[in-house]
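K.L.:
After the structure tokens below, expect a handful of questions from me.
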Amino acid sequence: MFFTPARLIMTIFTLHSFVLTNWFPRIPDMQTKLGVSTGELSLGLLGAAVGTLVALPFAGQIIEWLSPRRSIFIAFVFYCLGYALVGWAWSVPSLFAFLFLGGLFLPVVDVAMNVEADRIEASLGRRIMNTCHGFWSIGSILGGLMGAGFASLEIDIRWHLAIVAVISVPIALTVAARLPRLPARAAEGADSGKRRRFSVALPTLALLPLCIFSFGMLLVEAAALDWSSLFMRSVMETTPFGAGIGFAAFTIAMAVGRFLGDWAAGRFGPVAVARTCGVIGLAGLVALVPATAFLQAVVGLAAIGLGVSVAVPLAVSAAASRGDRPASVNVAALSLISFSGFLVEPPLVGYGAEWGGSLRIGLAITMPAIVASILLAGHVRRTVKTATPANPLSELA
């Protein structure tokens, strides 16, 4: 049967990133439209991160009440609405407000689809989490290329993002309705009597090192997502399509890493994979920051994409498998700290660029974060082991 649970949840991952990454190639156009500096633009870009961090402490409890399937069905509509409205921003405060709306519902969909993937993974008895995130990267490639294409054609950003919502919402609702009603992991049963009590998802001390590992990787990922197009267009002086190539190199490399991630983690162990990828990501930053040639910048972005590719799926699997609390609560707590990287990153890179006189300096400031993640990679070990697929694409069955 084509519509297997694994394929359905992979489709949700694809759509989630497709909506988000259509926006990133249009950030330079939004800066031109608003007529603001890099630092001022970074304040508007904070809206999504602030909305995400406001919602994350409650996302786990919401998903426990509604179920992951219902949470995806409801939240996806408002998530798309928020990003459709971004194109209509007329000032930095309005950009912040519309991104804040999208950011409120982004983490609900994100945590719900990760918890659903974890339950499907447990029911199948084999890894699919990295592959799910691989499809998130496929959505990023499609969204990034579509966004770059619309930018090259100089199509109004308002209609571009509205079209994205019109395409995405019906597909997401159809797929979410077909997702199976799966029980929570057996390891979560000890906490089942407490689920009706309202609680905020905060990390435990034992979970905190894993959260910091994920934070560092997401900080670098966020910097590449937010600023790669602007770096390519303003620093490397490429065309909008050239900027799209740089963004595509990042997302394609991320997709490759994730599709190989389940196999590699089973073959070499999640710690070795996480640490090796972290070193590759650091090397990519070292290549990108001083780049003077187009090819060097593209290779640097590709190395960053490969480097950060497996960090989130490995961290999510490790958090969900702990069994001390419901998976949705641990994943939401992990996301709360991890996604704060998206809050820290825009002003860190934006004002770092203004202080240093170049976006190169802003991006260089993120290097210590990925070094810290490399040092903390040992915390991605899973508590509950799952069978290793015979080949990297066997999760699609």
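The values are calculated or read from the model by the stated rules, or taken from the named source; none is laboratory data. All values reported here derive from a predicted model rather than from experimental measurement. Glycine gets a Cβ as well: all are built from the backbone with ideal geometry, and neighbour counts include every protein chain shown. Heavy atoms of the whole protein, side chains included, go into the accessibility calculation; ligands, DNA and RNA do not. Shrake-Rupley method; radii C 1.70, N 1.55, O 1.52, S 1.80 Å.
K.L.:
Quick check on my filter: what residues within region 334-352 are over 23 Å from G284 (Cβ atoms) and modelled with pLDDT of 85 or more?
P.N.:
Listed by number, the residues that qualify are L334, I337.
K.L.:
Among the listed residues P170, P107, which satisfies the condition of being closer than 19 Å to F13 by Cα, at pLDDT 85 or above and surrounded by 22 or more Cβ atoms within 10 Å (Cβ to Cβ)?
P.N.:
P107
K.L.:
Cβ-Cβ below 6 Å, separation at least six or inter-chain, first residue in region 52-63 and under 10 Å from P107 (Cα atoms) and of a type in the set (S, T, Y), second in a helix (DSSP H, G or I) and at pLDDT 80 or above: which pairs?
P.N.:
If the second residue must be in a helix (DSSP H, G or I) and at pLDDT 80 or above, the pairs left are T52/G103; T52/L106; T52/P107.
K.L.:
Specify which of the listed residues (L15, L20) is more than 18 Å from S338 (Cβ to Cβ), open to solvent by less than 40 Å² (accessible area, probe 1.4 Å) and touching a residue at least 24 places away in the same chain (Cβ under 8 Å).
P.N.:
Step by step, each of L15, L20 is checked, and only L15 is more than 18 Å from S338 (Cβ to Cβ), open to solvent by less than 40 Å² (accessible area, probe 1.4 Å) and touching a residue at least 24 places away in the same chain (Cβ under 8 Å).
K.L.:
Right, something else. Going residue by residue through region 292-303, is there one that turns out to be touching a residue at least 40 places away in the same chain (Cβ under 8 Å), within 13 Å of the chain's Cα centre (by Cα) and closer than 24 Å to A253 by Cβ?
P.N.:
no
K.L.:
Quick one: is R381 out of contact with any His (no Cβ under 6 Å at 6 or more places or on another chain) and open to solvent by 60 Å² or more (accessible area, probe 1.4 Å)?
P.N.:
yes
One line per residue, one yes/no per condition, for (1) modelled with pLDDT of 85 or more; (2) more than 19 Å from S42 (Cα to Cα):
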{"site": "L179", "(1), (2)": "yes, yes"}
{"site": "A190", "(1), (2)": "no, yes"}
{"site": "R197", "(1), (2)": "no, yes"}
{"site": "T204", "(1), (2)": "no, yes"}
{"site": "F213", "(1), (2)": "yes, yes"}
{"site": "V220", "(1), (2)": "yes, no"}
{"site": "S229", "(1), (2)": "no, no"}
{"site": "T239", "(1), (2)": "no, yes"}
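K.L.:
If you scan region 23-56, which residues turn out to be over 19 Å from F339 (Cα atoms) and aliphatic (A, V, I, L, M)?
P.N.:
I27, M30, L34, V36, L41
K.L.:
Can you tell me which residues in region 7-37 are more than 23 Å from F105 (Cα to Cα), in a helix (DSSP H, G or I) and not charged (D, E, K, R)?
P.N.:
Within region 7-37, P28, Q31, T32, L34 qualify.
K.L.:
Any chance you could count how many residues in region 257-294 are assigned to a loop (DSSP other than H, G, I, E, B) and open to solvent by 60 Å² or more (accessible area, probe 1.4 Å)?
P.N.:
Residues flagged as assigned to a loop (DSSP other than H, G, I, E, B) and open to solvent by 60 Å² or more (accessible area, probe 1.4 Å) within region 257-294 amount to 2.
K.L.:
Could you tell me whether region 122-131 includes any residue that is open to solvent by less than 10 Å² (accessible area, probe 1.4 Å) and under 13 Å from the mean Cα position of the chain (by Cα)?
P.N.:
Yes: one or more hits.
K.L.:
Now a separate question. G278 fails exactly one of the following numbered conditions: (1) touching a Gly at 6+ places or on another chain (Cβ under 8 Å); (2) more than 12 Å from L218 (Cα to Cα). What is the number of that condition?
P.N.:
(2)
K.L.:
What residue, of A369, A377, A327, A333, is within 15 Å of D226 (Cβ to Cβ), under 19 Å from the mean Cα position of the chain (by Cα) and among the small types (G, A, S)?
P.N.:
Exactly one residue qualifies, and that residue is A369.
K.L.:
Identify all residues within region 37-56 that are hydrophobic (A, V, I, L, M, F, W, C) and either in contact with a His (Cβ under 6 Å, 6 or more places away or on another chain) or open to solvent by less than 30 Å² (accessible area, probe 1.4 Å) (or both); write none if there are none.
P.N.:
L41, L45, L46, A48, A49, A55, L56
K.L.:
Still on this structure, please answer the following. Looking at region 130-153, I want the residues that are over 16 Å from M30 (Cβ atoms) and in a helix (DSSP H, G or I) and have a partner that is among the acidic types (D, E) and at pLDDT below 90 with Cβ atoms under 7 Å, at least 6 apart or on another chain. Which pairs are those?
P.N.:
Taking only residues 6 or more apart or on different chains, the pairs are N130/D262; T131/D262; T131/E395.
K.L.:
Just checking, which of W65, W90 is part of a helix (DSSP H, G or I) and open to solvent by 30 Å² or more (accessible area, probe 1.4 Å)?
P.N.:
Just one listed residue meets the conditions, W65.
K.L.:
Follow-up question, since we're still on this one. Would you check which residues across region 19-59 are in contact with a Pro (Cβ under 6 Å, 6 or more places away or on another chain) and of a type outside the set (A, V, I, L, M) and list them?
P.N.:
S42, T52 - these are the residues of region 19-59 that are in contact with a Pro (Cβ under 6 Å, 6 or more places away or on another chain) and of a type outside the set (A, V, I, L, M).
K.L.:
Step by step: first the residues of region 303-332, then only those that are in contact with a Gly (Cβ under 7 Å, 6 or more places away or on another chain) and open to solvent by 10 Å² or more (accessible area, probe 1.4 Å), then the one that is farthest from E221 (Cα to Cα). Which residue is that?
P.N.:
It comes out as V329.
K.L.:
What are the pairs, 6+ residues apart or on separate chains, where a residue within region 344-357 that is touching a residue at least 40 places away in the same chain (Cβ under 8 Å) has its Cβ under 9 Å from a residue that is open to solvent by 60 Å² or more (accessible area, probe 1.4 Å) and of a type in the set (D, E, K, R)?
P.N.:
Short answer, once both residue conditions are applied: G350/E40.
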